[in-house]
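The structure appears below as structure tokens.
The values are calculated or read from the model by the stated rules, or taken from the named source; none is laboratory data. Remember, predicted model here, so these are calculated numbers, not experimental data. Backbone-built Cβ (ideal geometry, glycine too); neighbour counts: all protein chains shown.
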């Protein structure tokens, strides 16, 4: 079965798995995981990039063929996210930015309203903007209008490994939004990534599960396979996709069957 | 959790309880922070102090050499700390509005921003407008410890000066948060008073702040009362087992909160605590004014005696050997405005 590539802002990707780079116990594990995950997009927090220190500079571990998606981790409002994105670009990190605006250090839930504002400003400046949101149809529509390149709804609390707690809401975005839906946050196991892909998500992003696994590269590879499997299942037209049940004993057949009533 | 429940846990010396708490805390720490430890360097700018706190080596009645670094001097200290790889700095002073006014701290912050990505202050409590000025000058974090939440004990150990005002100090993190600070660090000085009462009150303080200012990254510190030039000052000891339980319990109740560990602790204990709940530590620390580049060790008057004198390189090596990634930068300077 042939698949079309994932296209974001006119750029094509074979892999539908994005990797986050936080929480790894060392940079080598990260490099091995990027390779094993086959990811072509990795996200790095600007706050963690130390351009001065060669050995500690996380960018040294991201291969050249991989698209760098700088994220605005630490931003508490639109204004700060915009400043971080501009600083990233000025530091040579490119113009792909994942907007993360979080003004709650306990739950780490994204602020959709501020995210939309930041997306509007940065998209107008020519950034490729991938905003991270709580799955909400109105927010997603506003992001389309604001010029976002994708919409990245959270599956569950970031770092929780709880999987698709917001499944129904993500399904609404998949059904209604004409941008790639990339499921981000809370994906704790390959089976959950596969589930998101089976639903029709365009891609999945994971980080904590892999970074904190005993053998990160092995789990990264398992995620790559699961995302492929989930995608194949979706393309196969698996029966789960049809929410309207096909009953084996029709309830309304009597209207059309030429059966004489007793 | 009530203070009675905390007391019960702190007094329960069953090894299984301690181990179970530590395991749960370790798991939560790894999930929230991975195997990373943020590093920062302390820089003592001044030891002039108008407060008399009975436990502190800098207090106003103590006959020590009083020093305040001038910009050219602290620049030299900053260059030294920066050259060691440190990118987050905590600048400290004694509590003296007169000697280290906002204008002095602002200049220090502006110069620090040439070398460091994260700038925090541990100085005398100030008003909201003063914190706003400092925030605009590049300060992102404030550390202010209540030391003890027991009012009676508080007035016994804080004999004079600004620090005597319990309520003004208690509301300091609120004022700093209102001014826009990103990181706020609270703490109790273990050994001053009943640790379970203090811990309970600290947790309440933290909850209040989380409710009012959810966007702030909070961290907590649990310095244990130490000797100053070998003089013992503690009134009630918190032993290592209790200390481990305090770290673990804090992690379990506040999974996202940073926990600092200072060089006051012995290296061996520091190394074990990394596994349980610590997320930040100082490295290459010197607790004397001018201690990095300006003064010979024999003429230094430290705020407290350091137990862990390992250099930044040694700490980094140790972290790596224990499968931790040392984090030097966890913020990037952006123009601060509200």
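Residue-wise test of (1) under 26 Å from residue B:81 (Cα atoms); (2) buried (at least 18 other Cβ atoms within 10 Å of the Cβ); (3) in contact with a strand residue (DSSP E or B) (Cβ under 9 Å, 6 or more places away or on another chain); (4) within 14 Å of chain A (Cβ to nearest Cβ).
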position	(1), (2), (3), (4)
B:138	yes, yes, yes, yes
B:166	no, no, yes, no
B:190	no, yes, yes, no
B:199	no, yes, yes, no
B:205	no, yes, yes, no
B:209	no, yes, yes, yes
Among the residues listed as A:217, A:196, the single one being away from chain B (no Cβ under 14 Å), assigned to a helix (DSSP H, G or I) and crowded, with 24+ Cβ neighbours inside 10 Å = A:196
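Quick check on this structure: which one of B:155, B:160, B:212, B:219 is under 29 Å from residue B:99 (Cα atoms) and at pLDDT 95 or above? Reasoning before the result, please.
On the way: B:155 fails: at pLDDT 95 or above; B:160 fails: at pLDDT 95 or above; B:212 fails: under 29 Å from residue B:99 (Cα atoms).
The unique qualifying residue is B:219.
This table checks each residue for (1) more than 23 Å from residue A:77 (Cα to Cα); (2) in a helix (DSSP H, G or I); (3) within 14 Å of the chain's Cα centre (by Cα); (4) modelled with pLDDT under 95.
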{"site": "A:123", "(1), (2), (3), (4)": "no, yes, no, no"}
{"site": "A:132", "(1), (2), (3), (4)": "no, no, yes, no"}
{"site": "A:141", "(1), (2), (3), (4)": "no, yes, no, no"}
{"site": "A:153", "(1), (2), (3), (4)": "no, no, yes, no"}
{"site": "A:186", "(1), (2), (3), (4)": "no, no, yes, yes"}
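Pick from segment B:312-338 the residues that are assigned to a loop (DSSP other than H, G, I, E, B) and free of Cβ contacts under 8 Å to residues at least 40 places away in the same chain: which of them is nearest to the other protein chains (Cβ to nearest Cβ)?
Filtering first and then ranking leaves B:334.
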Residue B:184 meets each of (1) in a helix (DSSP H, G or I); (2) within 14 Å of chain A (Cβ to nearest Cβ); (3) crowded, with 21+ Cβ neighbours inside 10 Å with one exception, condition (1)
Please name all residue pairs, on different chains or six or more residues apart, with Cβ atoms under 7 Å, provided the first residue is in segment A:17-34 and is at pLDDT 95 or above and the second residue is part of a loop (DSSP other than H, G, I, E, B) and surrounded by 24 or more Cβ atoms within 10 Å (Cβ to Cβ).
-> A:17/A:39; A:18/A:39; A:19/A:39
Can you tell me how many residues in segment A:100-121 are surrounded by fewer than 20 Cβ atoms within 10 Å (Cβ to Cβ), touching a helix residue (DSSP H, G or I) at 6+ places or on another chain (Cβ under 6 Å) and either assigned to a strand (DSSP E or B) or within 14 Å of chain B (Cβ to nearest Cβ) (or both)?
-> 1
Taking segment A:134-154 and keeping residues in contact with a helix residue (DSSP H, G or I) (Cβ under 6 Å, 6 or more places away or on another chain) and under 15 Å from residue A:202 (Cβ atoms) leaves A:135, A:140, A:143, A:148, A:151, A:153
Any chance segment B:64-77 includes a residue that's closer than 30 Å to residue B:277 by Cβ, away from every other protein chain (no Cβ under 14 Å) and touching a strand residue (DSSP E or B) at 6+ places or on another chain (Cβ under 8 Å)?
-> no
